[in-house]
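As structure tokens, the structure follows; a few thoughts come after it.
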Number of protein chains: 4
Amino acid sequence: MKTCAIVGASGYTGRELLALLARHPRLRATVVMTARPGAAPEPPQFPGEPTIDALDLARLRDVDGVFLCTPHGAASAIAQAALAADKRVVDLSADFRLRDPANYQRTYGSAHPAPELLGRAVYGLVEHQRERVQQAQLVANPGCYPTSVLLPLLPLLQGRLLDANAPIVADCKSGTSGAGKAVSERTHFGNVHENFLAYGVGTHRHAPEIWQEAGTQRIVFTPHLLPVFRGILSTLYVTPAAGVAADAIRSALRERYAREPFVRVYEAGTPQPELRCVQHTNQCHIAVAASGPLVVITSAIDNLVKGASGQALQNMNLMLSLPEGDGLP
Amino acid sequence: MKTCAIVGASGYTGRELLALLARHPRLRATVVMTARPGAAPEPPQFPGEPTIDALDLARLRDVDGVFLCTPHGAASAIAQAALAADKRVVDLSADFRLRDPANYQRTYGSAHPAPELLGRAVYGLVEHQRERVQQAQLVANPGCYPTSVLLPLLPLLQGRLLDANAPIVADCKSGTSGAGKAVSERTHFGNVHENFLAYGVGTHRHAPEIWQEAGTQRIVFTPHLLPVFRGILSTLYVTPAAGVAADAIRSALRERYAREPFVRVYEAGTPQPELRCVQHTNQCHIAVAASGPLVVITSAIDNLVKGASGQALQNMNLMLSLPEGDGLP
Amino acid sequence: MKTCAIVGASGYTGRELLALLARHPRLRATVVMTARPGAAPEPPQFPGEPTIDALDLARLRDVDGVFLCTPHGAASAIAQAALAADKRVVDLSADFRLRDPANYQRTYGSAHPAPELLGRAVYGLVEHQRERVQQAQLVANPGCYPTSVLLPLLPLLQGRLLDANAPIVADCKSGTSGAGKAVSERTHFGNVHENFLAYGVGTHRHAPEIWQEAGTQRIVFTPHLLPVFRGILSTLYVTPAAGVAADAIRSALRERYAREPFVRVYEAGTPQPELRCVQHTNQCHIAVAASGPLVVITSAIDNLVKGASGQALQNMNLMLSLPEGDGLP
Amino acid sequence: MKTCAIVGASGYTGRELLALLARHPRLRATVVMTARPGAAPEPPQFPGEPTIDALDLARLRDVDGVFLCTPHGAASAIAQAALAADKRVVDLSADFRLRDPANYQRTYGSAHPAPELLGRAVYGLVEHQRERVQQAQLVANPGCYPTSVLLPLLPLLQGRLLDANAPIVADCKSGTSGAGKAVSERTHFGNVHENFLAYGVGTHRHAPEIWQEAGTQRIVFTPHLLPVFRGILSTLYVTPAAGVAADAIRSALRERYAREPFVRVYEAGTPQPELRCVQHTNQCHIAVAASGPLVVITSAIDNLVKGASGQALQNMNLMLSLPEGDGLP
């Protein structure tokens, strides 16, 4: 039995990790702490829930792996401490996703707090970085939107199946848990229920992350806020390269992911993926359809599982040499 | 005081019309009937609601205008009777939207029931057909998705502000009331709540209607089902013509609609339109933003009002020489 | 045309009043202000909405009536100013609902800010206080829960139709708009959606208000939070007096409210009232059914209309000698 | 590894059982069939889901236990076949819950299809029937509402802590999954979302089941339909026996359930149980509070787990001598 710490356990991703680890046969959360220095321990919110201890970096020495479920900016200092103690670290914040500190500063509005660590971080989109993750000491867990966009897109870009000059539209819709647990106007029930809107048009922080991993800025990313709690559905519009049909794109994706347990590419003629197909699972479901001059690709994930805590656990399993699917529904 | 009939009053659009007419100062619903020949009258669903009479075409003689809130296919016969009695008719079904009967047959899967009337029908997108509507005896009320797509798009196409060869993406999201009141797997609470999906990808019946009115098939239309009751938000991705910036597109739309009471184009820097801005109103709210190589246009309507019964009333007001905005919130 | 001021116009009840007044034929909101002294004016939240001016008590001199849509505690000072200027005042807060200042202090945790006004305030449950409201200068608009409980209960208590010793259960369920527009843990989407709970069991502030008006503390009131925005459904369990059947209770209510435009008591055999029957209306719908030894009475209102702004307008109409139903859907 | 059959696997309770069994360490669903004689096999609804075979009673011979997830009326014939083959049977329908066939006929409107089996059936409210369940060959799995009402109530009735003459109010609110997967007006999204209502007042079929197990008809049961998918919250109003306080009632429940892994009685001062505390778990959470002359007890379960499939699995585990909590979250 290996052990891990969850730092920042009171937020949505921390709680989701706790729930996943409760069923993990080989990894146990033995240290469960807040992320805010000086913050008091938090008693259980409801009877039966765990207490969240005060932050104590010394306790990271007692575990094999460390999950950082902190806001961006706060993760770096804790990562430094954990790495100094030679622990494996999966950071669920955005701190280590952008390789270029200038890009980080442009995107997040402040200087990177630990640029010397950027070179050591592996971008943990497991299906595309498995070997590097196995060797990594620090993994940047991908953002939720980027996960839903990159899984269908990367094989097509790598296989040169798309028109190299045409823009790619990524029209993405997320449940509110992506906005986190903190109260805000944006997540007030009266502003979400029976409502829908686009936000961050042309300016969202996940665009540079998508561009970095895709190797192109031709991707036009628009997020929207759904009146649901869990799930992202991304609708991608791609222009095939000359002579490439929707069927070839589907086949390429099916072949690429045929042996991946957490990615499922639908056959032609199957219904569209729905959020309910993937909620509470670590799956990404993908469908491909022709529509006039374009090909429409839809991709569904649970933003809290494959888009956050599930993928983080997948990464940690690899880093600790455990079976990759352990603890993942 | 003028009078009108509502045929097919038990569905969502019929009930919405009844609610709007209850506050109309110059038009009263004096005939309220089912659309199904031979169907029994329907008692009020709840105390205080109106009784819906059995269908009796002879009663259409007693009114000035007739609203047809029937399924497609069923409207034509009733329209013929009403036109024979020299009444003004607004058809909320799809029967008279496509001008070409072959297009109707391809799209709706059966021969058009009254092709001789097609030439008399005016497509009632008021802001673009006001004068023809005023003269019309038969108006085809636009579909909900087409209304939300065409209002922002037509001025750009007419003004040659878009790249004439690039595809246009219309990623549209609708509440469930667009699927009507009949029970179905698709609208079961358990299949909608906390869920989201695309449907009809590349095959939806509103695409030929959009193509006809836009004059181009370059528009790639994808509908999605939102877990809300009312509202459509359409996110359009357009490629500007050379030298045209997002600001010019916004300015063109603001100028085009400056004197239209039911279309509002947001200034730069304003928040994105939300469904709640337009629910229970006859408004279409539109915003324009640059995003990389494309311009993103969002457009919000209430599918039951501007996308159906409100626009139908706007048309009828014009046809009966009443103030266009009477009865419209 | 008469004029009124709305103080505290940015909250849910203020906005609802603005929407109602937009259709009022004889009363116009000419002064629209925040309630917080020193607060800056608020620009429109969305294009087309009104600006909310800074608080300026001098402007109350220019109107006929004043609506106070402020938190409890804040209304008293503004009410004093308005009454000093001889204006009619409807206070939607709780400041003037409890006649006994000691009761106010027990319930709201601080001394009453203007006890000298308590004697002038009329409790504005219109159907039971119409004549006093017509004469009143200051009306305390009833709470949302008390409105839904007292309308069905008062005629039964007054008619001695209930066992005078048995407890009365008021199990009440409200949408989240009752909790107001301010952000809070309680109204975070993630804490409301797909959730339900009781709160304030045995301790809610509306219980003393119900007890005062009903003249008895035998009423056991339990509020619950529904994952809806608008509406209250109250389920009351009463023990009939000896020899009184459910039918007699229903008949008594039907007779009592037969000429009231905003209260509808269902006949036997009718479906149960639903929130959707009363949302966006000023109606209270009531049904009565036998269930073993008790009689179950359900009562539905829109908490923002009959439970707040609609009833406030009904009161103001009476105070200004306007038709009682003006502006009320 | 033991094996079981699920008959009627396409409904909500069948699918929930499949999901639970997927994580069960010692019991596997090897036979998964529809319940309707002659119905065709059902292909997976979405990629990755199981195929549901046609009904074939002979296959019941190959398993250790049989779950019947059928509508009431249909279960009896299959139960007979399974019992004839000497299998352990848990029936999730209502067929074996009422011991008296006359009561069944009054409640369900037709003669009981297999009255000779009624004497063999054990009512599977595990916490109150554990030893009888262990010996049983046929278990009637309790209804969802009765489970939520009886768990808090039975210890109080047995301990004579309640006034023996006073009525007991059970005001219960359920998510829509309790109404099943079949399409209906009642579960149409447009009739549930942003809505709430009571139904079956004084007439619901679960009342006789509650009365039978509680041994009294003084319980007034009113169900309501919540706009959520999963969960029941029941609010009970009881009159304590002379000299008994709320604290004594709470203590009695806490003591009674102290060693039960699936029932949790909150301490005084704890927040109220919410649906989200128990969704996707087999837990029943209970709180007790004084409110004037009555004591208010709230009880929350997931209607699909503790109120159906989870409790069914708990029963089957006992019948097959497996650890009671196996496969239960």
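The values are calculated or read from the model by the stated rules, or taken from the named source; none is laboratory data. None of the values given here were measured: they were computed from a predicted structure. Positions of Cβ are backbone-derived with ideal geometry, glycine not excepted, and every protein chain shown enters the neighbour counts.
Identify the residue in the stretch A:39-58 that is acidic (Asp, Glu) and part of a loop (DSSP other than H, G, I, E, B) and, among all such residues, is modelled with the highest pLDDT. Restricting to residues being acidic (Asp, Glu) and part of a loop (DSSP other than H, G, I, E, B), the top hit is A:56. The test for being closer than 15 Å to residue B:150 by Cα, assigned to a loop (DSSP other than H, G, I, E, B) and more than 11 Å from every other protein chain (Cβ to nearest Cβ) holds for residue B:303. Within the stretch C:277-300, the set of residues being outside any loop (DSSP other than H, G, I, E, B) and in contact with a Cys (Cβ under 9 Å, 6 or more places away or on another chain) comprises C:278, C:285, C:299, C:300. In the stretch D:115-162, which residues are closer than 21 Å to residue D:222 by Cα and surrounded by fewer than 20 Cβ atoms within 10 Å (Cβ to Cβ)? The answer is D:154, D:157. Scan the stretch D:97-113 for residues that are surrounded by 16 or more Cβ atoms within 10 Å (Cβ to Cβ) and over 18 Å from residue D:206 (Cβ atoms) and the total you get is 1. May I ask you to verify whether residue B:252 is out of contact with any helix residue (DSSP H, G or I) (no Cβ under 9 Å at 6 or more places or on another chain), more than 10 Å from every other protein chain (Cβ to nearest Cβ) and either modelled with pLDDT of 95 or more or closer than 25 Å to residue B:326 by Cα (or both)? Considered against the rule, which asks whether it is out of contact with any helix residue (DSSP H, G or I) (no Cβ under 9 Å at 6 or more places or on another chain), more than 10 Å from every other protein chain (Cβ to nearest Cβ) and either modelled with pLDDT of 95 or more or closer than 25 Å to residue B:326 by Cα (or both), residue B:252 comes out as no. Of the residues making up the stretch A:255-264, those that are surrounded by 18 or more Cβ atoms within 10 Å (Cβ to Cβ) and of a type in the set (D, E, K, R) number 2. From the set of residues in the stretch C:194-210 that are of a type outside the set (Gly, Ala, Ser) and facing chain D (nearest Cβ under 9 Å), which is surrounded by the fewest Cβ atoms within 10 Å (Cβ to Cβ)? Out of the qualifying residues, it is C:203. When residue C:248 is tested against (1) within 27 Å of residue B:47 (Cβ to Cβ); (2) of a type in the set (A, V, I, L, M, F, W, C); (3) in a strand (DSSP E or B), only condition (3) is not met. Check the stretch C:231-238 and report whether any residue there is out of contact with any Ser or Thr (no Cβ under 9 Å at 6 or more places or on another chain) and either assigned to a strand (DSSP E or B) or in contact (Cβ under 8 Å) with a residue 24 or more places away in the chain (or both). Yes, that holds for at least one residue.
Against the conditions (1) surrounded by 19 or more Cβ atoms within 10 Å (Cβ to Cβ); (2) outside any helix (DSSP H, G or I); (3) more than 14 Å from chain B (Cβ to nearest Cβ), residue A:318 satisfies every one except (2). All conditions but one from (1) facing chain D (nearest Cβ under 8 Å); (2) closer than 30 Å to residue C:24 by Cβ; (3) of a type in the set (A, V, I, L, M) apply to residue C:290; the one that does not is (2). Residue A:205 fails exactly one of the following numbered conditions: (1) of a type in the set (D, E, K, R); (2) more than 30 Å from residue D:46 (Cα to Cα); (3) over 18 Å from the mean Cα position of the chain (by Cα). What is the number of that condition? Only one criterion in (1) of a type in the set (D, E, K, R); (2) more than 30 Å from residue D:46 (Cα to Cα); (3) over 18 Å from the mean Cα position of the chain (by Cα) is unmet by residue A:205, namely (3). Annotation note: of C:28, C:61, C:36, the sole residue that is at pLDDT 95 or above, surrounded by fewer than 22 Cβ atoms within 10 Å (Cβ to Cβ), of a type outside the set (A, V, I, L, M, F, W, C) and under 30 Å from residue B:266 (Cβ atoms) is C:28.
Check the stretch C:263-271 and report whether any residue there is aromatic (Phe, Trp, Tyr) and touching a residue at least 40 places away in the same chain (Cβ under 8 Å). The answer is no; no qualifying residue exists.
The lone criterion from (1) within 14 Å of chain C (Cβ to nearest Cβ); (2) surrounded by fewer than 20 Cβ atoms within 10 Å (Cβ to Cβ); (3) in contact (Cβ under 8 Å) with a residue 24 or more places away in the chain left unmet by residue B:77 is number (1). Being acidic (Asp, Glu) and within 24 Å of residue B:273 (Cβ to Cβ) is true for just one of A:209, A:194. Which residue is that? Of the residues listed, the single one that is acidic (Asp, Glu) and within 24 Å of residue B:273 (Cβ to Cβ) is A:194. Of all the numbered requirements in (1) of a type outside the set (D, E, K, R); (2) in contact with a His (Cβ under 8 Å, 6 or more places away or on another chain); (3) surrounded by fewer than 19 Cβ atoms within 10 Å (Cβ to Cβ), residue D:273 misses one, and that requirement is (3). Against the test of being away from chain D (no Cβ under 11 Å) and touching a helix residue (DSSP H, G or I) at 6+ places or on another chain (Cβ under 9 Å), the options C:227, C:240 yield a single qualifying residue, C:240. Starting from residues that are facing another protein chain (nearest Cβ under 9 Å), buried (at least 24 other Cβ atoms within 10 Å of the Cβ) and of a type outside the set (D, E, K, R), keep the ones in the stretch B:163-192 and report whichever is farthest from residue A:195 (Cα to Cα). Checked the stretch B:163-192; the qualifying residue farthest from residue A:195 (Cα to Cα) is B:169.
For the stretch B:45-56, the count of residues that are under 17 Å from the mean Cα position of the chain (by Cα), within 25 Å of residue B:328 (Cβ to Cβ) and within 14 Å of chain C (Cβ to nearest Cβ) is zero.
Of all residues in the stretch A:49-69, those that are touching a residue at least 40 places away in the same chain (Cβ under 8 Å) and either in contact with a helix residue (DSSP H, G or I) (Cβ under 7 Å, 6 or more places away or on another chain) or over 27 Å from residue A:179 (Cβ atoms) (or both) total 11. Of all residues in the stretch B:1-25, those satisfying the criterion of being buried (at least 21 other Cβ atoms within 10 Å of the Cβ) and assigned to a strand (DSSP E or B) are B:4, B:5, B:6, B:7. Each residue in the stretch B:1-48 was checked for being in contact (Cβ under 8 Å) with a residue 40 or more places away in the chain and hydroxyl-bearing (Ser, Thr, Tyr), and 4 pass.
Among the residues making up the stretch C:277-299, a single one is out of contact with any helix residue (DSSP H, G or I) (no Cβ under 7 Å at 6 or more places or on another chain), among the polar types (S, T, N, Q) and crowded, with 24+ Cβ neighbours inside 10 Å: C:298. Select from the stretch A:260-276 the residues that are under 24 Å from residue A:133 (Cα atoms), part of a loop (DSSP other than H, G, I, E, B) and in contact with a helix residue (DSSP H, G or I) (Cβ under 8 Å, 6 or more places away or on another chain) and list them in ascending order. Hits for the stretch A:260-276 are A:260, A:262.
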